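Enquirer: Handing you a structure now.
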Amino acid sequence: MTTVDYSGLSKERPFKSLTMNVPARGGRNSFGRITTRHQGSGNKKTYRMVDFRQAKMDIPGRVETLEYDPYRTAFIARVVYNDGERVYMLAPKDLKVGDMIVTSVQAPLKVGNRLAIKNVPIGYQVHNVEMTLGKGGQMARSAGSYVEVLGHEGKYSVVKLASGEVRQVPSDGLVTIGQVSNEDWNLVNIGKAGRSRWLGIRPTVRGKAMNPVDHPYGGGEGSQPRGTKRPKTLWGKVTGGHKTRHPKKWSNKLIMSRRVKK
């Protein structure tokens with residue numbers, strides 16, 4: 001079992017006015033029906049309200065704390081602006097307590113600063129990238145992720161995602177300089193079943209271990225092959241290679257090259 005190094009985080013409780021309680025639903029919808037399987041129980045969590053827009057223009061802020069967030073893989077930073085307002089933001093790699101950051105159209109190229117992507121030189125790594133102006137960052141928000149700036153063409157800038165996809169984003173959209181913190185998160189080994197239960201992950205049973213009434217792969221004496229021509233879900237729906245993206249999605253025209261399939 002391995003874990004993340006939390007020694008660089010602040011030893012403070014979350015700021016109360018920036019938190020809220022989110023009821024645990026165990027993967028159930030408003031009718032009480034399970035829509036996402038294998039979820040439930042787990043330790044209680046308090047939700048931190050993270051500001052993904054960071055639209056407080058030209059007002060410097062100081063990093064007060066670096067904190068753990070149970071609802072996301074990345075660390076978060078509590079920032080107090082010069083006007084007294086406090087917010088939580090995604091903490092970039094190498095950001096430290098006491099650092100000054102600012103959101104401005106032409107902010108200095110410093111880790112944690114937020115600026116328009118059209119003013120970011122080619123080759124820089126950025127995160128929390130806006131796809132729709134004013135909506136806040138939507139891309140590159142998980143631990144260790146970043147987007148590489150490849151160029152600028154009129155109203156759009158060209159970026160390369162971690163998946164290998166190359167796409168356009170609005171040139172006036174805001175991005176944050178640097179890579180998201182906790183880049184070693186993907187190396188964590190859960191180690192035991194109980195730790196998964198702490199995280200709210202319930203056991204997953206193989207289809208071939210079930211009875212025929214419970215799954216298309218069920219039944220047989222001992223371990224049996226799948227027995228169906230194509231891979232199927234629990235409900236008999238054909239899967240495997242099935243495209244899930246809508247062919248007429250409006251943003252398809254902004255994708256210049258698709259991700260590289262493994």
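Enquirer: Can you tell me which residue in region 131-171 is surrounded by the most Cβ atoms within 10 Å (Cβ to Cβ), limited to those that are among the small types (Gly, Ala, Ser) and within 23 Å of Ala55 (Cβ to Cβ)?
Expert: To start, the set of residues in region 131-171 that are among the small types (Gly, Ala, Ser) comprises 134, 136-137, 140, 142-145, 151, 154, 157, 162-164, 171.
From what is left, the residues that are within 23 Å of Ala55 (Cβ to Cβ) are 134, 136-137, 140, 142, 145, 157, 171.
Values: Gly134: 11, Gly136: 17, Gly137: 24, Ala140: 23, Ser142: 15, Ser145: 19, Ser157: 27, Ser171: 18.
Step by step, filter region 131-171, then rank; the result is Ser157.
Enquirer: Looking only at region 60-69, decide whether some residue is farther than 22 Å from Leu254 by Cα, of a type in the set (A, V, I, L, M) and surrounded by 18 or more Cβ atoms within 10 Å (Cβ to Cβ). I'd like the intermediate steps shown before the answer.
Expert: So in region 60-69, the residues farther than 22 Å from Leu254 by Cα come out as 60-69.
The next check asks that each one be of a type in the set (A, V, I, L, M); those that pass are 63, 66.
After this cut, where a residue has to be surrounded by 18 or more Cβ atoms within 10 Å (Cβ to Cβ) as well, the list is 63, 66.
Yes: region 60-69 contains one or more residues that are farther than 22 Å from Leu254 by Cα, of a type in the set (A, V, I, L, M) and surrounded by 18 or more Cβ atoms within 10 Å (Cβ to Cβ).
Enquirer: Please go through region 73-99 and pick out each residue that is surrounded by 14 or more Cβ atoms within 10 Å (Cβ to Cβ) and farther than 17 Å from Phe15 by Cα.
Expert: Passing the criteria: Thr73, Ala74, Pro92, Lys93, Leu95, Asp99.
Enquirer: Output the qualifying pairs, or none if there are none: Cβ atoms under 8 angstrom, residues six or more apart or on different chains, first residue in region 119-141 and over 11 Å from Ile177 (Cβ atoms), second residue basic (Lys, Arg).
Expert: Qualifying pairs under 8 Å: Gly134/Arg53; Lys135/Arg53; Gly136/Arg53; Gly137/Arg53; Arg141/Arg72.
Enquirer: Turning to a different aspect of this structure: Of all residues in region 199-249 being assigned to a strand (DSSP E or B) and of a type in the set (A, V, I, L, M), which is modelled with the lowest pLDDT? Walk me through how you get there before you give the answer.
Expert: Residues of region 199-249 that are assigned to a strand (DSSP E or B), as a first pass: 201, 232, 238.
If we keep only those that are of a type in the set (A, V, I, L, M) too, we end up with 201, 238.
On the way: Ile201: 96, Val238: 88.
Here the residue is Val238.
Enquirer: Is it the case that region 177-187 has a residue that's surrounded by 14 or more Cβ atoms within 10 Å (Cβ to Cβ), in contact with a helix residue (DSSP H, G or I) (Cβ under 8 Å, 6 or more places away or on another chain) and modelled with pLDDT of 95 or more?
Expert: From region 177-187, those surrounded by 14 or more Cβ atoms within 10 Å (Cβ to Cβ) are 177-183, 185; that's our starting set.
Still in the list and also in contact with a helix residue (DSSP H, G or I) (Cβ under 8 Å, 6 or more places away or on another chain): none.
No.
Enquirer: Only one of Arg195, Arg259 is surrounded by 10 or more Cβ atoms within 10 Å (Cβ to Cβ), basic (Lys, Arg), out of contact with any helix residue (DSSP H, G or I) (no Cβ under 6 Å at 6 or more places or on another chain) and in a helix (DSSP H, G or I). Can you tell me which? Don't jump to the end; show me each part of the working.
Expert: Working: Arg259 fails: in a helix (DSSP H, G or I).
Exactly one of Arg195, Arg259 is surrounded by 10 or more Cβ atoms within 10 Å (Cβ to Cβ), basic (Lys, Arg), out of contact with any helix residue (DSSP H, G or I) (no Cβ under 6 Å at 6 or more places or on another chain) and in a helix (DSSP H, G or I), namely Arg195.
Enquirer: Within the bounds of region 104-118, is there any residue that is more than 16 Å from Val63 (Cβ to Cβ), part of a strand (DSSP E or B), of a type outside the set (Lys, Arg) and touching a residue at least 60 places away in the same chain (Cβ under 8 Å)?
Expert: Just the residues of region 104-118 that are more than 16 Å from Val63 (Cβ to Cβ), to begin with: 104-106, 109, 115-118.
From what is left, the residues that are part of a strand (DSSP E or B) are 115-116.
Filter again for of a type outside the set (Lys, Arg), leaving 115-116.
Those left that are additionally touching a residue at least 60 places away in the same chain (Cβ under 8 Å): 115.
Yes, because at least one residue in region 104-118 is more than 16 Å from Val63 (Cβ to Cβ), part of a strand (DSSP E or B), of a type outside the set (Lys, Arg) and touching a residue at least 60 places away in the same chain (Cβ under 8 Å).
Enquirer: Go through (1) touching a strand residue (DSSP E or B) at 6+ places or on another chain (Cβ under 8 Å); (2) loosely packed, with under 12 Cβ neighbours inside 10 Å; (3) at pLDDT 95 or above for Gln106 and report which single condition fails.
Expert: (3)
Enquirer: When region 109-125 is examined, which residues are found to be more than 19 Å from Gly154 (Cβ to Cβ) and either surrounded by 22 or more Cβ atoms within 10 Å (Cβ to Cβ) or of a type outside the set (D, E, K, R) (or both)? Break it down stepwise before answering.
Expert: Keep residues of region 109-125 that are more than 19 Å from Gly154 (Cβ to Cβ), which gives 109-114, 123-125.
Listed by number, the residues that qualify are Leu109, Val111, Gly112, Asn113, Arg114, Gly123, Tyr124, Gln125.
Enquirer: Please specify each residue of region 201-222 satisfying the condition of being under 17 Å from Thr239 (Cα atoms), surrounded by 15 or more Cβ atoms within 10 Å (Cβ to Cβ) and of a type outside the set (Gly, Ala, Ser).
Expert: Hits for region 201-222 are Lys208, His215, Pro216, Tyr217.
Enquirer: Six or more apart or on different chains, Cβ under 7 Å: which pairs go from a residue in region 15-32 that's in contact (Cβ under 8 Å) with a residue 60 or more places away in the chain to one that's basic (Lys, Arg)? Could you list them?
Expert: Phe15/Arg78; Phe15/Arg86; Leu18/Arg48; Leu18/Arg86
Enquirer: Out of Ser157, Ser163, which single residue is out of contact with any His (no Cβ under 6 Å at 6 or more places or on another chain), modelled with pLDDT under 95 and closer than 28 Å to Val260 by Cβ? Please lay out each step first, then the result.
Expert: Details: Ser157 fails: modelled with pLDDT under 95.
After applying the criteria, what remains is Ser163.
Enquirer: With respect to Thr2, determine if the residue is among the β-branched types (Val, Ile, Thr) and in contact with a Phe, Trp or Tyr (Cβ under 9 Å, 6 or more places away or on another chain). Show your work before the answer.
Expert: Working: among the β-branched types (Val, Ile, Thr): yes; in contact with a Phe, Trp or Tyr (Cβ under 9 Å, 6 or more places away or on another chain): no.
No, not satisfied.
The values are calculated or read from the model by the stated rules, or taken from the named source; none is laboratory data. Source: prediction; values computed, not measured. Note that each Cβ is placed from the backbone with ideal geometry, even for glycine, and that neighbours are counted across all protein chains shown.
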